[in-house]
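For reference, the structure discussed in these notes is given below.
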Amino acid sequence: MKKTTIPNQISIARIVLTPLLIPIGLAHWDVVFLVLLAMLLISDFFDGFLARRLHQETRLGSQLDTAGDVLLTIFSIAGGWILWPERVTPEAMFFLSMLALLGLSGIVCLVKYRHFPTYHAWSAKISTAVAGTGVWILFAGITPWVFRIAIGVLAFSAVEEILITLILPSWRPNVPTVFHALRLRKLSG
């Protein structure tokens, strides 16, 4: 049996720990929620960083990372709404926009390839960092503006992922930009 890589172990830990945001929210453990959310957001950075640094990038790792991202998005929004409805409800349109943009990108890829996008484009990394930071700052009661700005960055990233899907002749993980997708298409044709 093949040994699980450190980056994959980090992604698996994120997948396992993320659902805890709901019971923590229901218990009204504000600080525990914020600490766990911060740890999960940081782990999202480190799994990819370590995969590249240790030359352990795999299709499985890419899929685990995407699954962890989807779960983290859903459970953090739900847990945050349970704990701080007065902070989340006024931002409902921004949260719905975020989910719609992420969903549209995923649906386009599912329709074309029957597979979720696991491109990990540079724009997606930036939007994930800004959105994650913005959500954390919003939940902490500091300001909603970082989160609101993140939606614009996320929109750019979603459009780029849709373009990558439309350009690539076949599904593949880890396509950093639309320009890389164009190059890959040219090489395959």
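All of the numbers you see were taken from the coordinates with simple rules; none came from a lab. Predicted model only: the values in this text are computed from it and were never measured. We place every Cβ from the backbone using ideal geometry, glycine too, and count neighbours over all the protein chains shown.
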> Using a Förster distance of 22 Å, how high is the FRET efficiency between Lys112 and Ile74, based on the Cβ-Cβ distance and rounded to 0.05?
Replying inline: 0.40
> Where nothing but the Cβ of Lys and Arg (+1) and of Asp and Glu (-1) is charged, how large is the charge dipole of the chain around its Cα centre, in debye to the nearest 20?
Replying inline: 860
>> If I build a Gaussian network model for the chain, linking alpha-carbon pairs within less than 10 angstrom, which residue out of Ser62, Ser97, Ser76 has the largest mean-square fluctuation?
In response: Ser97
>> Using only alpha-carbon positions, what ratio does the radius of gyration of the stretch 140-189 give when scaled by 2.2 N^0.38 Å?
In response: 1.57
> Which loop trypsin sites (Lys or Arg not before Pro) in the stretch 87-118, with loop taken from DSSP, have no more than 13 other Cβ atoms within 10 angstrom of their Cβ?
Replying inline: Arg114
>> When only alpha-carbon atoms are used, what values of Rg and Dmax, in angstrom, describe the stretch 1-83?
In response: 13.5, 42
> How big, in percent, is the set of alpha carbon pairs in the chain lying more than 28 Å apart?
Replying inline: 26
